[in-house]
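Input: a single structure, listed below in structure tokens.
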């Protein structure tokens, strides 16, 4: 597919990497020549320098023959105008627009056709939603849902006191006392798809498939203390903090936001009257302690600087805050991050890229495309949800008789309303949904791509 990406910021850069790696023809558009040169050097892409909202620039980039435009500049108005212009020049083109301003979101959804927009994405809102989900189950570092929320793949850390430390996967079910499947283990920065003989050890991060209704039981039987978060402190009062505070307040959770900018504090006070807004530098130890950091149930670092977020999270962990969540914008140094006690780590641009890659694959494969895609284990693996269709191979055959490609696991099957963590006797039929985990270098775009011929 021919894809134009307008705006090579954090999100645009991630999209360029993921979409070009998926075999698409990608052209970058930006006003900064240095940014474009860096993109060309890093990825197999082309570039056009100019204003992505102008007709001249879009024509030079090949909009008339493009399949998709992703408008991801830092200015919402430019993004919307770019989509409108592209749609006028090519009525068949799909357009995806990034919107950050909460005031524009409802308007954009109601006027999608007028703006020529196929899909709206908001990295900040997606990040807030992900953090809210993590706050609901403090024992997990990451949660990805499938089958409309009925099955999840959750990430857990094996520490020295874990009941699973030194246990083989064959013996795991005796401890957790519920049917689960470990689909990936992240050990010393390397993603492994284990077999039953694999022995877990301290420092491993495991990705476990389980029905959502079993998550509380899973935590309980692992000896992880579950609690309801009643008071959450947010360091940084940006857009993610605004969206997150909105959702937490609806759940009657006390929210405290520490923000340095006076004008932003006034805005937050106006639009979040139920939250406690404190003007000050969240990096100051005396400020955090005077505001009761140690008494918080959770601490979320949402400043605009990764390094500051990491330092704040390390300090909160040191002060014994039960749950810590760290926002980072770059995951290039994931092995370094893995050695730090940062709690759960969320990355807005990775969340957005997953969403858009799924849309692109759906465009390319009108039938059989994944309906959900999530990256696991520091982006070394993917979990994909598929619908079993008429042309799907091996329907009705036991899994033990089906040969899958290397580094591929079928980890869950939904038969109507029933959920199954499969074994060798399990089968799937037309109309079922399945979740498949594959290595990041897999070429699986449709369900049939996972089978070995």
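The values are calculated or read from the model by the stated rules, or taken from the named source; none is laboratory data. Quick caveat, the model's predicted, so the values are computed rather than measured. Note: ideal-geometry Cβ built from the backbone for every residue, glycine included; neighbour counts use all protein chains shown.
Numbers below:
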| item | result |
| --- | --- |
| Search result, residues across segment 409-425 that are assigned to a loop (DSSP other than H, G, I, E, B) and surrounded by 15 or more Cβ atoms within 10 Å (Cβ to Cβ) | 421, 422 |
| Index of the failed condition, residue 37 passing every other in (1) under 17 Å from residue 79 (Cβ atoms); (2) modelled with pLDDT under 95 | (1) |
| Residues (exposed (fewer than 13 other Cβ atoms within 10 Å of the Cβ), out of contact with any helix residue (DSSP H, G or I) (no Cβ under 9 Å at 6 or more places or on another chain) and closer than 18 Å to residue 296 by Cβ) located in segment 243-277 | 252 |
| Residue, surrounded by the most Cβ atoms within 10 Å (Cβ to Cβ), within segment 142-172, restricted to residues that are in a loop (DSSP other than H, G, I, E, B) and touching a helix residue (DSSP H, G or I) at 6+ places or on another chain (Cβ under 8 Å) | 164 |
| Flag if residue 39 is more than 19 Å from residue 8 (Cβ to Cβ), crowded, with 19+ Cβ neighbours inside 10 Å, outside the structural domain of residue 301 (by TED's automatic domain parsing) and under 27 Å from the mean Cα position of the chain (by Cα) | no |
| Members of segment 92-120 that are under 17 Å from the mean Cα position of the chain (by Cα) and crowded, with 22+ Cβ neighbours inside 10 Å | 98 |
| Condition met for residue 336 (outside any loop (DSSP other than H, G, I, E, B), over 18 Å from the mean Cα position of the chain (by Cα) and at pLDDT below 90) | yes |
| Check on residue 240, over 30 Å from residue 256 (Cβ atoms) and surrounded by 15 or more Cβ atoms within 10 Å (Cβ to Cβ) | no |
| Residues located in segment 64-86, provided they are part of a helix (DSSP H, G or I) and within 29 Å of the chain's Cα centre (by Cα) | 76, 77, 78, 79, 80, 81, 82, 83, 84, 86 |
| Helices (runs of 4 or more DSSP H) completely within segment 190-294 that count 2 or more residues being under 30 Å from residue 407 (Cβ atoms) and either modelled with pLDDT of 95 or more or in the same structural domain as residue 168 (by TED's automatic domain parsing) (or both) | 215-221 |
